[in-house]
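Novice: The structure follows.
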Amino acid sequence: MTELDLRTIDNGQIGSPPGADAEIALAQLCGSLSAVLEAAATPPSRISLRCGAASVEVEWPVAGVAGVQALAAPAAPLAAPAPAAPDTRHAVTAPLVGTFYRAGEPGARPFVEVGDVIQAGQQIAIVEAMKLMNAVESDQAGRVAEILVADAESVEYAQPLILLEPLDGDR
Amino acid sequence: MTVSNRQPDQPKMFDTVLIANRGEIALRVVRTCKEMGIRSVVVYSTSDRDSLAVLAADEAVHIGPGPAKQSYLYPPAIIEAAVRTGAQAIHPGYGFLSEDSDFAEICANNGIVFVGPRPTVMSQLGDKTIARKLVAEAGLPVLAGTSSPVLSVGELVTEANQVGLPLIIKAAAGGGGRGMSVVREWADLLPTYRTTRATAQAVFGDGRVYLERYFEQSRHIEVQVLADELGNVLYLGERDCSVQRRHQKLIEESPAANLAPGVSERLGELAVRAAREVGYTGAGTFEFLVRDEEVAFIEVNSRIQVEHPVTEAVVGIDLVREQLRAAAGMPLSVSQSEVRTVGAAIECRVNAENPAKDFAPCPGRLDEFVPPGGPFVRVDTHAYAGWKVPAEYDSLLAKVIAWGSDRNQALDRMDRALAEFRIAGPGMHTTIPLLREVIADKTFRAAEHTTSFLDTRHDEE
């Protein structure tokens, strides 16, 4: 092929693109990677980037994840001493003030349930502000461990909404 | 008409008021709410999570991250916070959304009272060229200038010839002393026009500018006005804000010392006439330039001002309380004949700024912060030892207000208070040394200073 189909690269499905294609693919991977790093609150402990099979692996320091959570939970500051075993769970927080909805419409299936494995970028809820429905997407992949807010409850900016457990492969 | 028939129409004070601001003014409004038995709600950004306003308010809502565009300047988050806390009114403080007529309209559309003038009045006064036209129609003297924004270089040259030099180029949407430059030489006209337009576009999102004759050696005198929905309009004396550094006020006082006889009363009458003419309600400030007996209107600030405490100190009236009364449709609690000015009051703005670095703001941790006290000294501040001055907002740390039976006593008291003030932290500098220099200055003591006092004094050094 002469023209590169960018969607296939996004899906990480390309085989061994030769020459210029490979360079573009690599640039794409680096772009995605920097977006992931920008969204993260702590620097990763290890990054592996392969171009042939188009794979990106990022490892996060376990203590760092707990740190992120502490930052994201203004309601419970300084008071609680850090638990002996570091909490590896990651909190997905509200991007704005509004009303939290677990499903797209009343009676519909919730976006996520406890136990679901979700991808980074996957929608987990809606926060409605001034009649505008704002999709809340997870900033990380993981398994939903807990849903912290009841449906139709109001939330503040940065309030934790769900807790994610890291997937086994990420440890 | 019987009394019982009127009962349902009686305006009632709000139960809950949300304060859409931060810093000392948020705390200031919370305090009056407490005194009036009103539940107060403050909104805060991540950078202000530990602010004194958050601690003092009955409720606080985290509305966004540090940058103001995503928090204090973001109407949806503020309206959501008001709705979820059941606030019937929003007090906007000064700066941020306080003079944004679109925001006032959004409030009204959501059934929330905006504490300020009606959106249409605010939008007219917010455009300086319209404001000039309106008050000129009311019979107020205005400086020679353009009646609408200058749209082209050709127009600029024609208009500038009409106005004459020196002139000042101002942003139509400007405020807070930003977006204005003086032109004294014809060669500077075009470059100054371009830079002012660019600044206005960057700061206010509106590049329109207009021209006005520049009044050299004049004083900046402003009149505090209060107006309610029932048609009562009164003025609470004037403030002199001539001590400015690059159009930024640093020291304000009331009454204005050393004015020509009759000028104070004349300004008051002009401001009240203009306020009636435009249908102003709430607290507002009408600004004038004064040179001997000559006066000229410059603009209206349709909000509470930073320097409002000097007026409170000499007239004994809580301006925020009157704002809330007017917003609730209640009559003002005083009439013009009951307004009496007693003694003199002065306010100094203590900013976290480094004089050695051209007064650049210096955010950072406050290791020590001990404000002054004692007789007739008021300190409005949101800072405390251990607090970190955020980099996102203005550099105001505290306002020190001193009252005295006369101006000299007020100035001596102010100097004593500033000397008491202890502020320290890594890389922390404040305007206190400069403020004390001004208070000791002979020209200032004699009240012979004009708006160019500080800039020329600084240049001479």
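Novice: Quick check on B:ALA20: is it within 14 Å of chain A (Cβ to nearest Cβ) and either surrounded by fewer than 23 Cβ atoms within 10 Å (Cβ to Cβ) or at pLDDT 95 or above (or both)? Please lay out each step first, then the result.
Specialist: Working: within 14 Å of chain A (Cβ to nearest Cβ): yes; either surrounded by fewer than 23 Cβ atoms within 10 Å (Cβ to Cβ) or at pLDDT 95 or above (or both): yes.
In short, yes.
Novice: Do we find that B:GLY284 is small (Gly, Ala, Ser) and in a loop (DSSP other than H, G, I, E, B) in this structure? Explain how you work it out, then say what you get.
Specialist: Values: small (Gly, Ala, Ser): yes; in a loop (DSSP other than H, G, I, E, B): no.
Answer is no for this residue.
Novice: Which numbered condition in (1) within 13 Å of chain A (Cβ to nearest Cβ); (2) closer than 17 Å to B:SER302 by Cα; (3) touching a residue at least 40 places away in the same chain (Cβ under 8 Å) is the only one that B:GLY93 fails?
Specialist: Condition not satisfied by B:GLY93: (1).
Novice: Moving to a separate point now. Just to be sure before I move on: is B:LEU324 in contact with a Leu (Cβ under 6 Å, 6 or more places away or on another chain) and either of a type outside the set (Ser, Thr, Tyr) or touching a residue at least 40 places away in the same chain (Cβ under 8 Å) (or both) in the structure I sent? Spell out the reasoning first.
Specialist: On the way: in contact with a Leu (Cβ under 6 Å, 6 or more places away or on another chain): no; either of a type outside the set (Ser, Thr, Tyr) or touching a residue at least 40 places away in the same chain (Cβ under 8 Å) (or both): yes.
Judged against the criteria, B:LEU324 is not a match.
Novice: Please pick out the residue among B:GLU229, B:GLU212 that is over 30 Å from B:ARG407 (Cβ atoms) and part of a strand (DSSP E or B).
Specialist: On the way: B:GLU229 fails: part of a strand (DSSP E or B).
Answer to the selection: B:GLU212.
Novice: I've got another one for you. How many residues does region B:39-75 contain that are more than 11 Å from every other protein chain (Cβ to nearest Cβ), in a loop (DSSP other than H, G, I, E, B), surrounded by fewer than 21 Cβ atoms within 10 Å (Cβ to Cβ) and touching a Phe, Trp or Tyr at 6+ places or on another chain (Cβ under 8 Å)?
Specialist: So the answer is 1.
Novice: Give all pairs with beta carbons closer than 8 Å in which a residue from region B:334-354 that is farther than 21 Å from B:ASP415 by Cα meets a residue that is of a type in the set (S, T, N, Q) and assigned to a loop (DSSP other than H, G, I, E, B); count only pairs at least 6 apart in sequence or on separate chains.
Specialist: Partner pairs satisfying both residue conditions: B:SER335/B:ASN232.
Novice: Within region B:350-367, identify whether any single residue is of a type outside the set (Lys, Arg), within 23 Å of B:ASP127 (Cα to Cα) and crowded, with 19+ Cβ neighbours inside 10 Å, and answer yes or no. If you could, list the steps in order and put the result at the bottom.
Specialist: First pass over region B:350-367, keeping only residues of a type outside the set (Lys, Arg): B:350-356, B:358-364, B:366-367.
So of that shortlist, the ones also within 23 Å of B:ASP127 (Cα to Cα) come out as none.
No, region B:350-367 contains no residue that is of a type outside the set (Lys, Arg), within 23 Å of B:ASP127 (Cα to Cα) and crowded, with 19+ Cβ neighbours inside 10 Å.
Conditions tested, residue by residue: (1) within 25 Å of B:ALA447 (Cβ to Cβ); (2) at pLDDT 95 or above.
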| residue | (1), (2) |
| --- | --- |
| B:GLN323 | no, yes |
| B:VAL334 | no, yes |
| B:THR341 | yes, yes |
| B:GLU347 | yes, yes |
| B:ASN351 | yes, yes |
| B:PRO355 | yes, no |
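Novice: Please give the number of the condition A:ALA120 fails out of (1) in contact (Cβ under 8 Å) with a residue 40 or more places away in the chain; (2) in contact with a Ser or Thr (Cβ under 9 Å, 6 or more places away or on another chain); (3) assigned to a strand (DSSP E or B).
Specialist: Failing condition for A:ALA120: (3).
Novice: In a helix (DSSP H, G or I), within 14 Å of chain A (Cβ to nearest Cβ), in contact with a Gly (Cβ under 9 Å, 6 or more places away or on another chain) and over 23 Å from B:GLN305 (Cα atoms), is that true of B:GLU159?
Specialist: On the way: in a helix (DSSP H, G or I): yes; within 14 Å of chain A (Cβ to nearest Cβ): no; in contact with a Gly (Cβ under 9 Å, 6 or more places away or on another chain): yes; over 23 Å from B:GLN305 (Cα atoms): yes.
No, not satisfied.
Novice: Also: Looking at B:GLU159, B:GLU137, B:GLU155, B:GLU185 in this structure, which one is touching a Ser or Thr at 6+ places or on another chain (Cβ under 7 Å), modelled with pLDDT under 95 and either over 30 Å from B:GLY86 (Cβ atoms) or surrounded by fewer than 20 Cβ atoms within 10 Å (Cβ to Cβ) (or both)? Steps first, please.
Specialist: Values: B:GLU137 fails: touching a Ser or Thr at 6+ places or on another chain (Cβ under 7 Å); B:GLU155 fails: touching a Ser or Thr at 6+ places or on another chain (Cβ under 7 Å); B:GLU185 fails: touching a Ser or Thr at 6+ places or on another chain (Cβ under 7 Å).
On inspection, the qualifying residue turns out to be B:GLU159.
Novice: Separate question: Could you list all residues from region B:231-266 that are touching a helix residue (DSSP H, G or I) at 6+ places or on another chain (Cβ under 9 Å), at negative phi and either hydrophobic (A, V, I, L, M, F, W, C) or modelled with pLDDT under 95 (or both)?
Specialist: Hits for region B:231-266 are B:VAL233, B:LEU234, B:LEU236, B:SER242, B:VAL243, B:GLN244, B:ARG245, B:LEU250, B:ILE251, B:ALA256, B:ALA257, B:LEU259.
Novice: For B:ALA447, only one of the following conditions fails: (1) in a helix (DSSP H, G or I); (2) surrounded by 13 or more Cβ atoms within 10 Å (Cβ to Cβ); (3) touching a residue at least 40 places away in the same chain (Cβ under 8 Å). What is its number?
Specialist: (1)
Novice: Exactly one condition in (1) among the β-branched types (Val, Ile, Thr); (2) in a strand (DSSP E or B); (3) at pLDDT 95 or above is false for B:ILE298; which is it?
Specialist: Among (1) among the β-branched types (Val, Ile, Thr); (2) in a strand (DSSP E or B); (3) at pLDDT 95 or above, the lone unmet condition for B:ILE298 is (3).
Novice: Looking at region A:87-140, which of the residues that are within 14 Å of chain B (Cβ to nearest Cβ), β-branched (Val, Ile, Thr) and in contact with a helix residue (DSSP H, G or I) (Cβ under 9 Å, 6 or more places away or on another chain) is nearest to B:GLY66 (Cα to Cα)?
Specialist: Top of the filtered list is A:VAL97.
Novice: Only residues that are in a loop (DSSP other than H, G, I, E, B) and away from chain B (no Cβ under 14 Å): list them for region A:141-171, please. Spell out the reasoning first.
Specialist: We begin by selecting, within region A:141-171, every residue in a loop (DSSP other than H, G, I, E, B); these are A:141, A:148-153, A:156-159, A:166-167, A:171.
Passing the criteria: A:ALA141, A:LEU148, A:ALA150, A:ASP151, A:PRO166, A:LEU167, A:ARG171.
Novice: So, one more: Determine whether region B:112-131 contains at least one residue that is within 30 Å of B:ALA385 (Cβ to Cβ) and either more than 10 Å from chain A (Cβ to nearest Cβ) or part of a loop (DSSP other than H, G, I, E, B) (or both).
Specialist: Step one: filter region B:112-131 for residues within 30 Å of B:ALA385 (Cβ to Cβ), giving none.
The answer is no; no qualifying residue exists.
Novice: Within region B:76-89, identify whether any single residue is within 11 Å of chain A (Cβ to nearest Cβ) and more than 18 Å from B:GLY111 (Cα to Cα), and answer yes or no.
Specialist: no
Novice: While we're on this one: As an exercise: evaluate B:ASP102 against (1) away from chain A (no Cβ under 14 Å); (2) in a helix (DSSP H, G or I); (3) surrounded by fewer than 17 Cβ atoms within 10 Å (Cβ to Cβ); (4) not hydrophobic (A, V, I, L, M, F, W, C) and give the number of the one condition it does not meet.
Specialist: (1)
Novice: If you don't mind, another one. Just checking, which of B:ALA53, B:ALA138 is among the small types (Gly, Ala, Ser), under 26 Å from B:LEU230 (Cβ atoms) and touching a helix residue (DSSP H, G or I) at 6+ places or on another chain (Cβ under 6 Å)?
Specialist: Numbers: B:ALA53 fails: under 26 Å from B:LEU230 (Cβ atoms).
Residue meeting the stated conditions: B:ALA138.
The values are calculated or read from the model by the stated rules, or taken from the named source; none is laboratory data. Small disclaimer: the values here were computed from a predicted structure and weren't measured. Backbone-built Cβ (ideal geometry, glycine too); neighbour counts: all protein chains shown.
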